[in-house]
Amino acid sequence: MLQLAISDVLATMELRKKIGIRDVAKAAGVSVATVSRVLAKADYPVTEETRKRVTDVATAMGYVPNLLAKTFATSRTDTIGVAMPVLNAYYAKMLAGIEGAATEAGLSILLTIVGASDERREAAIDQFVARQLDGVIICSGAKDGPLRRPPEQMGVPAVVIGQQPSEGYVTVTVDNRRASYEATDHLVSRGNRTIVFLTSNSDWPDFRDRLDGFQQRLAEEDRATGQVIEGVYDEAQAYRAVTKLVAEQTTATAILAATDRQALGAMAALADAGLRVPSDMAVVGFDNYHTSEFVRPSLTSVDMPADAMGAKAVELVCMAKTAGAEKMASVVLEPRLFIRQSSGSFDNAALLAQSVKSLPSA
C-alpha cells in the first residue's frame, strides 16, 4: 500500500516536470537554436513548415519560456515597474492604460501600491532598479514629495505621470489650468456670474492649477465673482460644505468641484435642501468617473484622460529602450469637457434671477 502511494507521487512529479526548450526541440526534431529563434520571433530564415511545427509542439507540451534565463541572455526583463499611490477609480483607469499599452508592446508590469508614503514609494523604486527592470513609471499622488534619485541615477528609463516637484524627470500630465478655465467658461456662458469652487488643497499642484484656471476665467468676465471653499476632500465634506453654503443663503448659481466625488456630495446636499440641479444650482466636476453619466441629473465633468496618460508613459519608456533616454520628452495631454444635465442652461437674466430667489432662507 505504501509502495503504491510512493509510485503515485513519483508519477505525478514526472507529469509536472517543467518542459524545457530542449524537450520542445527533441519533440519537433529541430535544434535548440531553431526553437529559440521561432519562439522569440527573430528575423531568421526558418521555413513556415518548421515554424508551425515548433509552435504547435510548444503549445501542445505547455512550454513556458524561462524568463530568468532570457534575462541573463538578453539583459532584458520585458517588465516595467509601476508605483501607484492608490487604486481608486482614477488610478484604475490609468492602470488599464498602462497595462493595455504594455501588453501590446510585449511587456509585463510589476505593480506596487505605495499609499501616501514617500518612503514606500522610494522603497518600491529601489526594488525596481535592483531587479533591473526595463523601465519605471511613477504615478504621482497629490501630496508626493520630491523623488530621492535624480533621473540620471535611476539606471533605467523613468517616467512620472502627473506633476512632480522633482526636476529633470520626463512627465505625462494634463493641462489642469486649461481644463478648469474651460469648465468655468462653460458655466459663465450659461449666465452664471457667482460660482463656488470646491477644492481640497490649493497647495497641491493639480488643484492649484484648477484654481488658477477658475480665477483666470472669472477675472475676464464683468460682474463675475467666485467663492473658494478649501478642505473638501470627499463626498461627505462636500455635502457639509454645500449644506452650510445653502443655509447662509448664498447667491451663487453654480458649483465647480475639483473632483467628481466632491460634485456628487454637493448634488446630494442640494437635493436634501430641496434645490434642483441644474435649475437652482448648476454643478460641474472633474475626472469624469464612469458613474457620472448614470447619476440623475447626469454630471457634467472634465475628463482627465488617465488611461491615455498611462499608455503614453509606456510609449515613452519603449522609446527610450529603442532610441535612447535622451529622445524622451514630457507630454501634456488636453482635457475634454463632457457636457451633461447637471450644468443646465440659463437662457436669460430672468431665469438667473428666478434661480437665486429659489434658494431657501436660513
*To the nearest 20 debye, what charge dipole does the range 191-304 have about its Cα centre, counting +1 at the Cβ of each Lys and Arg and -1 at the Cβ of each Asp and Glu?*
360 debye
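Determine the equivalent ellipsoid of the range 163-320 by diagonalising the alpha-carbon gyration tensor, then write out the semi-axes as square roots of 5 times the eigenvalues, largest first, rounded to whole Å.
Numbers: eigenvalues 170, 59, 40 Å².
Semi-axis lengths for the range 163-320 are 29, 17, 14 Å.
May I ask for the net charge around Thr34, where only other residues with Cβ less than 11 Å from the Cβ of Thr34 are counted and Lys, Arg are +1 while Asp, Glu are -1?
Working: positive: Arg37, Arg51, Arg53; negative: none.
Once positives and negatives cancel, what remains is +3.
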*List every residue whose amide H lies under 5 Å from the amide H of Phe197, counting only residues 5 or more places away in sequence or on a different chain, with H placed 1.01 Å from N in the peptide plane.*
Gln227, Val228, Ile229, Leu256
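Count the net charge of all other residues whose Cβ sits under 14 Å from the Cβ of Leu264, scoring Lys and Arg as +1 and Asp and Glu as -1. Working shown, then result.
Details: positive: Arg240, Arg261, Arg296, Arg340; negative: Asp234, Glu235, Asp260, Asp272, Asp287, Glu293.
It works out to a net charge of -2.
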*Consider just the alpha-carbon atoms of the range 144-207 and return their Rg together with their Dmax, both in angstrom.*
16.8, 54
*Taking amide H positions as placed 1.01 Å from N in the peptide plane, with prolines and chain starts having none, which residues 5 or more places from Ile109, or on another chain, fall under 5 Å of its amide H?*
Ile80
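Readers should treat all values here as calculations from the given coordinates under stated rules, not as data from a laboratory. Given the structure is predicted, the values throughout are model-derived calculations rather than measurements. Every residue, glycine as well, gets a Cβ built from its backbone with ideal geometry; the counts of neighbours run over all protein chains shown.
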